[in-house]
Amino acid sequence: MLAGKVERFANMATKRRVVVMLCCLLLMFSLTGFTFSAPANLEPEIAILGPNVQTYDLDALQWEFPFTVVGFGPGTRTVRLAEFSIDGHDLLRNIPMAQRTMTVHRLDDEIGRETFRNWNNYRQRASVLRVRNDERISLSTTEARDFREGNARMRGVMRRRGEIAPVVLPINVSELPFRVAADGHYRVRAVVERGGMSTTWEGEVLIVDVEPLATNPVWTPADLHLHSAFALDGRFTPRELAPMLANRGYAIGYITDEPAGQYITTRPILPRMSGMGRPGMWAPEYGIEADPGTNAWLTSTFGNDRVRYLPYLPTWEAYSAAVIAASTAQVAMFPGAEIAASTTNFMHTGHNGHALAYGIQNLIGVGVAGVEPSFDTTGLRYNWFVPSTLLPHINNNRTGRSSASIAHPVNLQIPFIPAYPWNVWGAALPRYHGFELMYAGQTNFCPDNAIANRWRQEIVANLTRAFAGNGFPSARTGSDWGGAFSQLWDISYFTFIGLPNPPPSDMRFLAQNDVDAALRAGRTVASRLGGIAALRLRNTQGALHEIGSWFTMPAGATVSGDIVLRAARSGSYKVRIIQNFAGHTGHIDGSAVPAFQGLNESTRHLSGVEATTYQYVLPFRR
């Protein structure tokens, strides 16, 4: 008993000494300026991800701001939207209460903090470079490489974790406390709070005025490279995409989802699309189970065994009907496809470029020389045919209407997209009808960039074929928008299609045959922000011919014509003539052809161009 008390008192004395020593240590650290703090990797950190620059048409009915909140370290799983304003006008009251609470998606196990911060900085700069040139924020070679690596990692995270989806804040333009003006530039600010911590996001809205040419209203603005949930990683239904396009000034949307075939090596397989048409969500760690009939259900049920997806995937007919049914009075929606070429015929190998298919009627093609049509032999199976086989399959799918175009043709190591360049070029390549001059997250738009140089080489290489009426690579663009990762940047770029007649007032009545015939004829103009510059040349009788037409002139004769420009934003625009693909490049003499000014439609006349030299005209903003 006594021994126990002695031991207890000894222990108490020891504890007192420990306490006294700890107090002394704390006092010493406080006097010398040292403090205890949590390790840097345990401190909470949150960030708001969203498109930092968006363009909306002057006639838009609604602006949307998709925000995804991500975080590192401990803290509550939600944040509260504390501020939302445009040009200093408080618009928080316009946001429904349910959308003011946002989930914080932890990234601790996905990417390092410093790597994430650098990637987000590059992403913000690239968003600005998409709409305006600014050498001060251009990405260096090292930064571009780091950006690509960060994008690959973040894209993988978002595909794997279906719960990482943005909260979309819609703002009706009619409810804004100011009048939206042509050439408008509006600053947007959002602040979220969690406990005593707050994070600010700042972005911009640019207003573009996308309108037809009064002198020739056949030119119709389109996005020719979009994805929906009929692709496995698509985030939107065609019906959801249509109003997004209308608010940005598009009148035509061509959905180009991938057919089945990715990661499948067996044959034959069912001719199907690669997605079910509904994205869905699957996050077991959050107690979210995928709904049957969604892409999330496919991946959660069958994993990477794509063969087991096939019985559940929609046919071309179901996909086509759903896309066309999504048309509205403002936007006509049409079904197409994006198909990867293979490096070996009838084998699933490495990517050898991607082709876009327009005007097709099915996925099995047409029979040839006693061969029954099938997905695997004459059709459009994904990553199964070499380029010289795939392009004829597209062109022959529907006689006189179907046509192929090359998607993201050059490996610019563009940050937003994987490097799937087209690898086969020149006159030996079968006929194709389009070439994307602007795509995805492109940030370099100078007339001499690698894309433009490759296009000029292809134009010259295909001149003989073009003069024989066998097509040429007409200038096009494609946003490649709609998949996982898309809502971190904006729908981008325009292709104006020269229809045979002005489009109807209700775009639901636009005939797809007219669109497909114009694409096959190469009647297209590429545009960065939605302005249109239409070149017309006169034949010997003085009749004007549009882009996509061809006619003959006597050797040594001169060609005259005009360029009609309607800009989407005010500015000063020059005209550059480029001879062949590597010859003289220069500006038309300013005294003869003054620069285009302002926003209104204007015409400049061309004359004295030698008929024996192939040239084309590229307008750009000064």
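The values are calculated or read from the model by the stated rules, or taken from the named source; none is laboratory data. Everything numeric here is computed off the predicted structure, so don't read it as measured data. Heads up, the Cβs are rebuilt from the backbone with ideal geometry, glycines too, and the neighbour counts pull from every protein chain shown.
Looking across Val188, Val167, Val157, Val104, one residue alone is closer than 27 Å to Asn411 by Cα and either at pLDDT 90 or above or among the β-branched types (Val, Ile, Thr) (or both). It is Val157. Taking the criterion of being closer than 13 Å to Phe84 by Cα and assigned to a strand (DSSP E or B), the residues of segment 169-185 that qualify are Leu169, Pro170, Ile171. Counting the residues of segment 310-323 that are crowded, with 22+ Cβ neighbours inside 10 Å, touching a residue at least 60 places away in the same chain (Cβ under 8 Å) and either assigned to a loop (DSSP other than H, G, I, E, B) or among the aromatic types (Phe, Trp, Tyr) (or both) gives 1. Where residues in segment 502-533 are basic (Lys, Arg) and within 23 Å of Phe472 (Cα to Cα), which of them is surrounded by the most Cβ atoms within 10 Å (Cβ to Cβ)? Only one residue tops the list, namely Arg520. Kindly provide the set of residues from segment 328-347 that are over 30 Å from Ala60 (Cβ atoms) and either without any contact (Cβ under 8 Å) to a residue 12 or more places away in the chain or surrounded by fewer than 19 Cβ atoms within 10 Å (Cβ to Cβ) (or both), ordered by number. Thr343, Thr344, Asn345, Phe346, Met347 - these are the residues of segment 328-347 that are over 30 Å from Ala60 (Cβ atoms) and either without any contact (Cβ under 8 Å) to a residue 12 or more places away in the chain or surrounded by fewer than 19 Cβ atoms within 10 Å (Cβ to Cβ) (or both).
This table checks each residue for (1) at pLDDT 90 or above; (2) under 31 Å from the mean Cα position of the chain (by Cα).
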| site | (1), (2) |
| --- | --- |
| Ile532 | yes, yes |
| Leu537 | yes, no |
| Gly542 | yes, no |
| Ser549 | no, yes |
| Thr558 | no, no |
| Ser572 | no, yes |
| Ile578 | no, yes |
| Gln597 | no, yes |
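With respect to Gly303, is the statement that it is more than 30 Å from Val331 (Cβ to Cβ) and without any contact (Cβ under 8 Å) to a residue 60 or more places away in the chain true? Considered against the rule, which asks whether it is more than 30 Å from Val331 (Cβ to Cβ) and without any contact (Cβ under 8 Å) to a residue 60 or more places away in the chain, Gly303 comes out as yes. In a residue-by-residue description of segment 291-298, the property of being surrounded by 18 or more Cβ atoms within 10 Å (Cβ to Cβ) and of a type in the set (A, V, I, L, M) applies to at least one position. If only residues of segment 349-394 that are outside any loop (DSSP other than H, G, I, E, B) and at pLDDT below 95 are counted, the one that is farthest from the chain's Cα centre (by Cα) is Val371. Look at segment 445-462: where a residue is surrounded by fewer than 20 Cβ atoms within 10 Å (Cβ to Cβ), no partner that is in a helix (DSSP H, G or I) and modelled with pLDDT under 90 sits 6+ places away or on another chain with Cβ atoms under 6 Å.
Based on this model, can you work out whether Arg77 counts as at pLDDT below 95, surrounded by 11 or more Cβ atoms within 10 Å (Cβ to Cβ) and not small (Gly, Ala, Ser)? When the stated conditions are applied, Arg77 passes them.
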